[in-house]
Every structure is written in structure tokens, then in C-alpha cells.
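Please read through the structure below; I'll follow up with questions.
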Amino acid sequence: MNPRTRVKICGITRLEDALEAAQLGVDALGFVFYNKSPRNIDTKTARVICQQLPGFVTTTALFLNPDESLVRKVLAEVNIDCLQFHGTESVEFCESFGKPYIKALGVEGVTDIVALFEQYKSARSILLDSHASGRAGGTGQTFDWSSIPEKLRQKIILAGGLKPDNVADAIQQIKPYAVDLSSGVESAPGIKDSTLMVRLMSEIKRADCD
């Protein structure tokens, strides 16, 4: 039996999108706390959404080079399971909140992905995205998946330009532990498209069964 690819949908801003994603079998939902992002969400809205999610759906708070006070405010006001850092945050900073964390690494211009992994050994997972290191994700651009070393492929969360049209190819080529989508299932930034989410889950199940 092939392992099941886990699924995270990021940039959630509406309760109806969160509940539908959960009903479709999405494993984790991401909430962006970065005010320059079109998917930025306030703590009040995020709290309302998280309070209504069913069990076993992981909630993740995404940050990019945040002040410590912002992270602690989110943790105090929203029921968050995991933190996700997209900037140049140090290992010590990521670890300082006593929560499991995901470290997002941009692969643009990177020649040694293994060395990047080694810097964040304490991360629960490593997410690889197409953007440059320390920049925001959500660009909708893919990268050369073959650049990911074989020994890392089943450990990573794969992001960057994934959508229903290409997610099966990505899974069949790389067999990542998980995939992470945002713009690939949207009708507009922060507005998830029901049809695209249904197609996404169907394509992932198909790829897992091949």
C-alpha cells in the first residue's frame, strides 16, 4: 500500500472554506499573520474559524520575520497547533514558543538543500517553496522538483505553484510527505474555490493509488 500524501491548504480567511476543506479530508489549514499578504487574517476571525473545526484538523499559523509579540498574541488568542516560519528566523527563535514548528525554505538560488535542512533539525517538518530564501511564498510558481535530493523527498512538505492540474505529477515524481497549496485552489487571494478543492483531493487520491 502506498503511503497517503498529507494535504495542507494555506491562506484560509473564511469559515466556509475551512469547513469545506475539512469535510473533503484536508489534514491541515494555514492562517497567515503577515500584514503585507493579501491572505492576512486577524486573530478574531482566525479564532472563530478554529473554534468550529472538527477534530484532527491541524491549525497552523504562518509568519514571516515576525516580532515575538505578534507570535505570542496569536498563540494567546487563537487555538493554534503549529507555527510556520517563512523568513530568516533563527532556530532559537522558532523554538522559543514551545510549539511544534514548520520551517519554510525558499529554494531559489539554493545550491545545497541538505545544508538548509541541517540548520533546522528541530523543525517538525520542512516546507520547500519556489521563492527565494526569506521571501514570502504564495507566488504560484513551481520549481525544479528534481533538484530535491532523493533522501529528503519523503520528509518534506512540497509547495510552490501546486494546483489540481499538476499535483498528481508532483506526487508521482517526488512522493513528498505532504503538499501545501494556497493560490492553486483560489478564485481570488484568500477565497478558496470549492470546485478546485474537490479536484485537488481527487487528484491526490488518484496519485496515491497509482
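No lab work stands behind these numbers, since they all come straight from the coordinates. Please read all numbers here as calculations on a predicted model, not as lab measurements. Reconstructed Cβ throughout: ideal geometry from the backbone, glycine too, with neighbour counts over all protein chains shown.
Rank these for me by crowding, S130, S182, S187, going from fewest to most other beta carbons within 10 Å. It would help to have the intermediate numbers written out before the result.
On the way: S130 19, S182 26, S187 11.
Lowest to highest Cβ neighbour count: S187, S130, S182.
What is the antiparallel percent of DSSP beta bridges lying wholly in the chain, to the nearest 5?
Given both bridge residues lie in the chain, the antiparallel proportion sits at roughly 5 percent.
Now, a different point. For D81, D17, D180, which order do you get if you count the other beta carbons within 10 Å of each Cβ and list the fewest first?
Going from sparsest to densest Cβ surroundings: D81, D17, D180.
Taking the Cα centroid of segment 66-108 and of segment 157-210, what is the distance between the two, rounded to the nearest whole Å?
Between the Cα centres of segment 66-108 and segment 157-210 lies a distance of 24 Å.
Hey, could you grab the Kirkwood Rh for the chain? Inverse mean 1/r over distinct alpha carbon pairs, Å, one decimal. If you can, show how the numbers build up before the last one.
On the way: mean 1/r = 0.0588 Å⁻¹.
Radius from the Kirkwood sum: 17.0 Å.
Going by average Cβ density within 10 Å per residue, which order do the peptides 94-100, 51-57 take, highest to lowest?
94-100, 51-57
What is the calculated FRET efficiency for V91 to E150, with r their C-beta to C-beta distance and R₀ = 22 Å, to the nearest 0.05?
Efficiency computed from Cβ-Cβ geometry: 0.30.
Cut-off is 10 Å between beta-carbons; in what order do T5, T43 appear when sorted fewest neighbours first?
So the ranking, lowest neighbour count to highest, is T43, T5.
Using 1/(1 + (r/R0)^6) with R0 = 41 angstrom and r between the beta carbons of R199 and L70, what's the FRET efficiency to the nearest 0.05?
Numbers: r = 35 Å, r/R0 = 0.85.
For R199 and L70, the calculated efficiency is 0.75.
For R206 and V114, what is the calculated FRET efficiency with R₀ set at 35 Å and r taken between the beta-carbons, to the nearest 0.05?
My answer for the efficiency is 0.70.
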